[in-house]
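No lab work stands behind these numbers, since they all come straight from the coordinates. Source: prediction; values computed, not measured. Please note: Cβ atoms are built from the backbone with ideal geometry, for glycine as well, and neighbour counts cover all protein chains shown.
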Amino acid sequence: MMTDVQPRSSLIGWPLLWRLPLLLVYLLLLPLLLLTFLPRIRNLPVGNMKLHMSAHRLWMRGLVVVFGMRLRVSGQLPLPPALVVANHISWFDIAVLHALWPMGLVAKAEIRSWPLIGRLATIAGSIYIQRGNQQSRQRVNRRMAARLRRGEMIGVFPEGGISAQRGVQRFHARLFGSAIRARAPIVPVAIRYWSDGDRHDDVVFSPGQNLFSNMLRLLSHPRMEVQVMIAQAITDHMPGRDLLARQAQTTVSALYES
């Protein structure tokens with residue numbers, strides 16, 4: 001059962017003194033990461049991944065640690081192709097999903113220009129969508145289906161954005177159609193930030209807060225877990241995208257509240 005707790009604002013501050021310098025040092029490793037994208041070596045096999053994917057995942061897992069979080073995963077992602085559908089609490093969810101498997105995340109177009117996260121998201125093959133633009137949604141759906149058919153892992157946040165309200169919001173069905181067309185499994189994933197209770201209010205954007213100030217807030221916070229709960233893949237596409245979205249939302253909500 002999920003525990004409701006108040007934000008621990010009185011404890012925020014001192015971890016920033018060492019996490020921020022550590023982050024700056026860690027960013028110096030980024031050129032080494034980018035070297036793995038050289039044409040001659042990027043596709044070397046490393047386990048069930050290619051070299052550039054393995055390096056990307058390792059770097060993202062290190063980033064989670066730098067931000068003072070412990071990644072705790074229950075369940076297991078299937079091998080691609082698959083469509084991962086997750087709830088959305090923070091921009092940091094992008095790093096969390098990439099720490100599981102470097103996937104082509106569908107993200108709002110503005111993220112492309114974000115420092116650090118935007119660059120890494122682009123390298124990982126993110127698909128950018130213009131909100132409120134029907135033509136953009138159609139293009140994105142076609143690209144998702146094509147990449148799923150090529151055997152890739154694609155991720156979406158079907159809530160359509162970050163909500164200040166705690167809990168899992170309604171899943172929009174539009175992007176589920178790509179998995180139906182590609183006959184790809186749909187994998188519901190719940191993300192939760194936890195330390196003696198749900199820390200949603202400590203990581204979500206506060207009113208008027210921008211990316212930089214929220215990043216400093218996360219770096220300042222006492223250590224916490226980011227819990228990722230992976231459900232069994234949905235492989236029956238017969239119900240159609242609306243019912244599939246509702247089924248995935250119900251599953252993610254149950255995992256989040258557990």
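Tabulated data for the structure shown
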| read-out | value |
| --- | --- |
| Selection from the stretch 197-238 of residues that are closer than 22 Å to residue 75 by Cα and charged (D, E, K, R) | 198, 199, 225, 236 |
| Filter result (more than 13 Å from residue 71 (Cα to Cα) and among the small types (Gly, Ala, Ser)) within the stretch 92-111 | 104, 107, 109 |
| First in the stretch 190-217 and in a loop (DSSP other than H, G, I, E, B), second anywhere and surrounded by fewer than 17 Cβ atoms within 10 Å (Cβ to Cβ), Cβ under 6 Å, 6 or more apart | 197/3; 197/5; 204/164 |
| The stretch 119-140, residues that are touching a residue at least 40 places away in the same chain (Cβ under 8 Å) and surrounded by 20 or more Cβ atoms within 10 Å (Cβ to Cβ) | 120, 124 |
| Test: residue 112 is surrounded by fewer than 21 Cβ atoms within 10 Å (Cβ to Cβ), over 24 Å from residue 247 (Cβ atoms) and under 13 Å from the mean Cα position of the chain (by Cα) | no |
| Only listed residue being surrounded by fewer than 21 Cβ atoms within 10 Å (Cβ to Cβ), under 26 Å from residue 156 (Cβ atoms) and among the small types (Gly, Ala, Ser), chosen from 62, 68 | 62 |
| Residue match in the stretch 79-94 (condition: farther than 30 Å from residue 13 by Cα, in contact with a helix residue (DSSP H, G or I) (Cβ under 8 Å, 6 or more places away or on another chain) and among the aromatic types (Phe, Trp, Tyr)) | no |
| Any hit, the stretch 26-42, residues being basic (Lys, Arg) and either in a helix (DSSP H, G or I) or in contact with a helix residue (DSSP H, G or I) (Cβ under 8 Å, 6 or more places away or on another chain) (or both) | yes |
